[in-house]
Amino acid sequence: GFASAQCMRRAAATMATAVKRSLVLHFDINKTIIICDPVKGVQCDAMVNALLSEACWGTWAETKDIPSDVDKKLELAATWQFSAGPTPEEQPGLITYADLLECVLGIEKKVMQELKNRFAQPGEPGAAANPAYLDLQAKLRLPEGVSLPAAPASVGEGRYFIVPSFFNLLLHLEREAGTSASSFGIDTADVVKELNCFLEGTHPCFPDVPESLRRYSLQLPQDTGKWLRDSAGIHLTLKGSPQVDGAVECAAALNGRLFGPSPRWSMALQDYYPYWRECKEADDSGKLVFIDPPSAGAPHSIFFDDNIERDRAHIVDARDSVSGAPVAFSDTKNIYLVKSEPILAISDPDYFIKAVATAEASAASAAAAPAA
């Protein structure tokens, strides 16, 4: 959903054979860098079940006549049988349990979430995925004797809050980068506490953090901003500055805050959920990211969000920073917009490192391709 995003920037560095662009990394929070929902009180156990329901593929008693009766819909949902997964890769002829509930049966949101939250438990449709559930839980478990005193209760006892793969990315960055955390929710403060703990070298699981990374520390409320969207357009208020109106003007204001005379290396931005809801979750009404034309001097923005769909942007509205016009998903997919795969973020400690490298390589290939 619309959780707060974190934005981090990285300055450009020239290498022997290529010029690396600056990076501005945008991260959704819930189900991207944390595996719980403090706002809704959804704990880690339930979230892992829900994630598996979105990555396990199977068959069901398929019918073209979808009933309107809720109980009959639930009967059809119960016919789902596990065939493959968990994997983010589409499986021909199969459907995820989550897609069956939402896209095919149209089950009411609250009921659907309850079903997803117990998906892999014994006696449930995804029981065959219980070993994967236990494995993911083990990877989210803190080392013996370690605790995170500042983590919210929704994380659960003895669990990581921010996934280690996110911290590993920050440690890996060889060039300076900017980050932005983006959310429709109100969970930013808890995330900022742990991020700053990591950057200051006091996180119990990451004691050896280079002092140079401290520039990414976030100061609240100084390093915050809020988006507003309405029929009049796009508006951005950065803490300490007046509201800016218009897509191009907002892009310039954000760029100025990240790369200006007194640059900020990280920011927390509050997205505007009501407009996305009013627009029926249209692709061009969601969280904003501005894209600069590819050149050595222009930053490369990458937005990670688990609600980016396989075939459309859905929740992230990518705009040209020069014209303010929407940019087609075909031109942004896996370059500027990356569908975050939380199961991989949990299971692969290098997930975000690999994802950024892939996006940069795709951007370089796109820039080198002849114009159509």
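The values are calculated or read from the model by the stated rules, or taken from the named source; none is laboratory data. Since this is a predicted model, take the numbers as computed values, not measurements. Every residue, glycine among them, receives a Cβ derived from its backbone with ideal geometry; neighbour counts consider all protein chains shown. Surface areas here come from the heavy atoms of the whole protein model, side chains and all, with no ligands, DNA or RNA. Shrake-Rupley method; radii C 1.70, N 1.55, O 1.52, S 1.80 Å.
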Out of the residues in the stretch 297-318 that are touching a residue at least 24 places away in the same chain (Cβ under 8 Å) and among the charged types (D, E, K, R), which is most open to solvent (accessible area, probe 1.4 Å)? Arg312
Is there a residue being within 20 Å of Glu102 (Cβ to Cβ) and in contact with a Pro (Cβ under 7 Å, 6 or more places away or on another chain) anywhere in the stretch 295-317? yes
Those residues of the stretch 168-191 which are modelled with pLDDT of 90 or more and open to solvent by less than 10 Å² (accessible area, probe 1.4 Å), in sequence order: Leu169, Leu170, Val191
Select, from Ala367, Ala268, Ala282, the only residue that is touching a residue at least 40 places away in the same chain (Cβ under 8 Å) and either open to solvent by 40 Å² or more (accessible area, probe 1.4 Å) or over 17 Å from Asp28 (Cα atoms) (or both). Ala367
Look at Arg229 and say whether it is within 23 Å of the chain's Cα centre (by Cα) and modelled with pLDDT under 95. no
Pairs please, first residue from the stretch 205-217 and within 21 Å of Ala268 (Cα to Cα), second anywhere and among the aromatic types (Phe, Trp, Tyr) and open to solvent by less than 70 Å² (accessible area, probe 1.4 Å), Cβ atoms under 7 Å, 6+ apart in sequence or on different chains. Arg215/Trp265; Tyr216/Trp265
In the stretch 90-109, how many residues are assigned to a helix (DSSP H, G or I) and either surrounded by 12 or more Cβ atoms within 10 Å (Cβ to Cβ) or among the aromatic types (Phe, Trp, Tyr) (or both)? 7
Tally time: how many residues in the stretch 324-354 are within 18 Å of Phe167 (Cβ to Cβ), acidic (Asp, Glu) and surrounded by fewer than 20 Cβ atoms within 10 Å (Cβ to Cβ)? 2
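Filter the stretch 52-68 for residues that are out of contact with any helix residue (DSSP H, G or I) (no Cβ under 9 Å at 6 or more places or on another chain) and assigned to a loop (DSSP other than H, G, I, E, B); which is most open to solvent (accessible area, probe 1.4 Å)?
Lys64
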Looking only at the stretch 128-143, decide whether some residue is open to solvent by less than 40 Å² (accessible area, probe 1.4 Å), free of Cβ contacts under 8 Å to residues at least 40 places away in the same chain and in contact with a Gly (Cβ under 9 Å, 6 or more places away or on another chain). no
Residues to consider are Pro263, Pro294, Pro326; find the one that is in contact (Cβ under 8 Å) with a residue 24 or more places away in the chain and under 26 Å from Thr188 (Cα atoms). Pro263
Restricting the stretch 317-337 to residues that are of a type in the set (Ser, Thr, Tyr) and outside any loop (DSSP other than H, G, I, E, B), the residue that is nearest to Ile234 (Cα to Cα): Thr332
